Structure formats: C-alpha cells, structure tokens
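A quick write-up on the structure given underneath.
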Amino acid sequence: MSEGILLFIEQRDGKLNRTSLETLVAVQKIAATTGDTTSAVVLGQGINEVATEIAAKKLAKVYTVEDDKLATYTPDAYVGALKQVIEKLNPRMVAFSHTYRVRDFAPRLTAALGKTFVTDCISFRQDGNDTVFTRQIFQGKINTDVRVQSAPPIFVSFQAGSYRADLAEVGDAPAAVEALAVDLSSVDVRTQTEAPFQEAKQAVDLTQAPLIVAIGRGIKEKDNIKIIEDLAAAMGAEIAASRPICDNEWLPMDRQIGSSGQTVAPKLYLAIGISGAIQHVVGMKNSQTIVAINKDPEAPIFDIADYGIVGDLFDIIPALTAEVKKAKGE
Ligand SMILES: Cc1cc2nc3c(=O)[nH]c(=O)nc-3n(C[C@H](O)[C@H](O)[C@H](O)COP(=O)(O)OP(=O)(O)OC[C@H]3O[C@@H](n4cnc5c(N)ncnc54)[C@H](O)[C@@H]3O)c2cc1C
C-alpha cells in the first residue's frame, strides 16, 4: 500500500532547515487536493528535537532514522538510508526543498531507484489524477509544466520561497514519531565531511531575515551605500543587493539576491534603485511585501511591487530613515 507523500526534513546539528517547512506547506496543499496521507522523514543522530518540532505540524507520521553513519551528512549514507526508507514505505511522492544538500544527494537517490526527479519547482496544480509541477527555465523567463509519466514514486523538489513556512498547518494532536531501522553496514561512505566553514567572514543567511533592504545600481557609487546602511540599521533589516553591486565588490557576494545569488522570501523586501531584471526578481518575488523605490516609473520592478515610490532615492532614503527613527522615538 502506498504511504502517500513522504517529505524529507533537512537538519544540521539537530536544527531544522526552515525551507523544509516551506516544502511541508506544498505537501500539505497537494495532499488537500489528492487526499494523500503525508509523512516526514528525518535522518541523523540526536534528531529528537527536530522530530518533535515537525511532529507538531499536520502530518500522519514522522519517521526518524538514526545511525552512526548519518551523524554527519554524506551523500553515500543519505542515499543508502533513504533508498531503504522509500523501499519500505512505498510512497507515491517524495518531496524535498531544493537546498544545496538535496542537489548533492537526491539526483543520485532517484537514479539509484530508476526514477524521475522534477527539480526546483515553484508550484503545482492537480489535473485529474496527475500532479502537474511548474518550474522555471531560461533564467526564470519561461514557466514550464511538468507531468511525470513514469511509475511512482515521483521525486520533486521545491524552490526556497515558493511557499510560506508560516502557513504550515498544525495538527490537532502531534504526529506519531516512529524510529525506522536501516542497515548501512554495506554502504561504503567515500567522502569525509570536514568541519563547516564560512567562505566570507560576514557570511549571512539572508533566507532567515524577516526584513531586507536591497540596493541596486541606482546607488551610483560605493560611498553612497552609507545612506542605505543607516536605513537598514534604523529598521533592523539586513542589507542585500543586485548583482552589479556585488560584482563591483561594493558589498560581499553573500549579499547578492537572484538567480546566481540567494533566494529569499522575507516579510518585507525594499528594492531601492533596482530595475527588476528577471535574474534579480527570481530571487525575491515571493517576498510577502515588496516596496520598490525607483526614479523610472516604467521600471519592471514596479510590476511585482506591492507599493511603489517613483522618485530619487537620494531624496527618499534619508527622509525614510528619519521617519523610521522618529516612529521609534529616536
Ligand atoms: C546569467 C546571469 C545571471 C545573473 N544573476 C543575477 C543575480 O543573481 N542577481 C541580480 O541582481 N542580477 C543578476 N544578473 C544581472 C541582471 O541581468 C541585471 O543586470 C541586474 O539585476 C541589474 O541590476 P540593477 O537593477 O541594480 O541595475 P540596473 O538594471 O542598471 O538598474 C538600476 C535602476 O536604478 C534606477 N535608478 C537610477 N538612479 C536612481 C535614483 N537616483 N533613484 C532611484 N532610482 C534610480 C534606474 O531607474 C534603474 O531602474 C544576472 C545576469 C545574467 C546574464
């Protein structure tokens, strides 16, 4: 019998990756239209807290898989363990969030099972018995619908920011947590993971920031970034940027938003002097509220903005900063 939809929960050092909750929302929405049961699986060592946290959500069951070989992430052990879990549970669909780790091991897992992997999806729709997934191609210029014709399970990953983690439904009662045994004795772990390090000293995970103030080429020169820093400090926001700003080394690369930077979905995204090129937009379009400031009323960023201010940022930003400070009583 099929176990419905199985969601892979990503954790690092016993801490849940927030994008797993976004994919949980996708899974819950699919299940609401298909009637599938939904369960989740988490791998590692010392994962009780993550399992309990996820079990509070609306899920039929949370499976935990603990093994010495899963203490630190390696693609070999993850593929070995998940292959056994999937063979045991026989789900109709296996869902992941499209993280770097998933990109590392999931293609190998699906190939090992001879299945299709529909990657980096942004939405789905139900068409009869088929779940049709939408994914972007050509740097986000075109959306394509993908229907999987091979036998289940279907493997699918969702892009960060496609669904809102805070909309995950909570269950009436916590889901049962069940430990699943796997035998990894024959799994040859061929990589040894070194301690994690941050390439840039200031490396920041913008995906976790609720408020983002992003600047583009409209800022004109590096020294002008100071006015944006003042606004961000007053708002308690993180600074981000379009690619030219990072290419010019005016801000570090880890602040870049877009197809070759981070994908974010904060509560508020303030786009200042950013034109709204598709490569930038794919990284921020799922923000809950987008406010754009641009002197060109025809700038494409206004197409996706909830609020737009047409004007010169050098007039608007200092005035905005002063208002924010006034509102805070500073
Ligand atoms: C393969 C590839 C990958 C890419 N990846 C990314 C990516 O990850 N992220 C990314 O951002 N880009 C990326 N790009 C680049 C992207 O195509 C755009 O060139 C870039 O996003 C433009 O940045 P911008 O909006 O800051 O600059 P511009 O397009 O030059 O826009 C500047 C805007 O500022 C406004 N402006 C100027 N002066 C003022 C002022 N005084 N007050 C108010 N507004 C003002 C202008 O009206 C204009 O709209 C990529 C491109 C390619 C080909």
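All of the numbers you see were taken from the coordinates with simple rules; none came from a lab. Because the structure is predicted, anything quoted here is derived from the model rather than measured. Cβ coordinates were reconstructed from backbone atoms using ideal geometry, including for glycine residues, and neighbour counts include every protein chain displayed.
Here are some notes:
- Dividing the summed -39500 (n - 2.57) terms of all DSSP H runs of n ≥ 4 by the residue count of the chain sets its mean residue ellipticity at 222 nm at -8000 deg cm²/dmol.
- Proximal charge balance of Glu330 [Cβ under 15 Å; K/R count +1, D/E count -1]: +1
- Gap separating the Cα centres of the stretch 7-22 and the stretch 218-290, nearest whole Å: 26
- Rounded to 10°, Cα long-axis angle of helix 225-235 versus longest principal axis of the chain: 60
- Placing unit charges on the Cβ atoms only, positive for Lys and Arg and negative for Asp and Glu, gives the chain a dipole magnitude near 420 debye about its Cα centre.
- The angle between the Cα long axis of helix 18-34 and the longest principal axis of the Cα atoms of the chain comes to about 60 degrees, rounded to the nearest 10.
- Net charge of neighbours whose Cβ lies under 12 Å from the Cβ of Gly171, counting Lys and Arg as +1 and Asp and Glu as -1: +1
- For Lys295 and Thr33, the FRET efficiency from 1/(1 + (r/R0)^6), where r spans their Cβ atoms and R0 equals 41 Å, is about 0.40.
- Distance violations [Cα-Cα > 21 Å] among Lys57/Lys88; Lys58/Lys83; Lys226/Lys295: Lys57/Lys88; Lys58/Lys83
- Lys88 versus Phe138: modelled label distance in nm, points set 7 Å from Cα along the beta carbon direction: 4.6
- C-alpha long axis of helix 313-327 to longest principal axis of the chain, angle in °: 70
- Within the chain, DSSP assigns beta bridges of which about 25% are antiparallel (rounded to the nearest 5).
- A cut-off under 15 angstrom between Cβ atoms defines the neighbours of Ala55, and their net charge, with Lys, Arg +1 and Asp, Glu -1, is -2.
- For a modelled paramagnetic label at Glu169, 7 Å from Cα along Cα-to-Cβ, the residues of the stretch 58-79 in reach, with backbone nitrogen under 15 Å, are 58-61.
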